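Written out below as structure tokens is the structure these notes cover.
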Amino acid sequence: QVQLVESGGGLVQAGGSLRLSCRASGRIFSSYAMAWFRQAPGKEREVVAAINWSGGTTYYSESVKGRFTISRDNVKNTVYLQMNSLRSGDTAVYYCAATTKGWSKTQYEYDYWGQGTQVTVSS
């Protein structure tokens, strides 16, 4: 079992930055691929970024590429999402997720989820 706890969400003006953190406890963190998803009101949950177990492979959705950076620290059991140049369209609840199957863009491949953290971007 892995427990995931996100932090770092909040209210920010358009053009600003936030850094989300997701700390994992339980089994060996470095054996999990990790991802950030988000869900806006009335919309499907969508992948934002994903990272493999070592941090050597990353994936970004087209909507955040060049603005967001996913990274991980396997010593601190934490995955991060640095979000720059935020837009109103980035407003959503952000979730981190973990899987042993190798990184994926598909939410159904992830076994463990955090409770989510709200990000609100004001224009």
| remark: If we take region 20-110, then strands (runs of 3 or more DSSP E) inside it with 3 or more residues that are closer than 17 Å to T120 by Cα are 33-39, 78-83, 92-99
| said: On the basis of being open to solvent by less than 40 Å² (accessible area, probe 1.4 Å), assigned to a strand (DSSP E or B) and in contact with a strand residue (DSSP E or B) (Cβ under 8 Å, 6 or more places away or on another chain), does L11 make the cut? | reply: no
| task | Can you work out which of the residues in region 88-104 that are more than 12 Å from the chain's Cα centre (by Cα) and surrounded by 14 or more Cβ atoms within 10 Å (Cβ to Cβ) is farthest from P41 (Cα to Cα)? | result | T100
| note | Here the residues within region 108-123 that are touching a strand residue (DSSP E or B) at 6+ places or on another chain (Cβ under 6 Å) and of a type outside the set (V, I, T) are E109, Y110, D111, Y112, W113, G114, G116, Q118, S122
| query | Among the residues of region 111-123 satisfying the criterion of being closer than 20 Å to R27 by Cβ and in a loop (DSSP other than H, G, I, E, B), which is least open to solvent (accessible area, probe 1.4 Å)? | reply | G114
| field | Only listed residue being at negative phi and within 12 Å of the chain's Cα centre (by Cα), chosen from L11, L81 | value | L81
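Where residues in region 38-64 are charged (D, E, K, R) and under 13 Å from the mean Cα position of the chain (by Cα), which of them is surrounded by the most Cβ atoms within 10 Å (Cβ to Cβ)? Show your work before the answer.
Residues of region 38-64 charged (D, E, K, R): 38, 43-46, 62.
From what's left, under 13 Å from the mean Cα position of the chain (by Cα): 38, 45-46.
On the way: R38: 23, R45: 16, E46: 14.
The residue in question is R38.
The values are calculated or read from the model by the stated rules, or taken from the named source; none is laboratory data. Owing to the predicted nature of the structure, the values given are computational and were not obtained by experimental measurement. Reconstructed Cβ throughout: ideal geometry from the backbone, glycine too, with neighbour counts over all protein chains shown. Ligands, DNA and RNA are stripped out before the accessible areas are found, and what is left, the full protein with its side chains, is counted by its heavy atoms. Shrake-Rupley method; radii C 1.70, N 1.55, O 1.52, S 1.80 Å.
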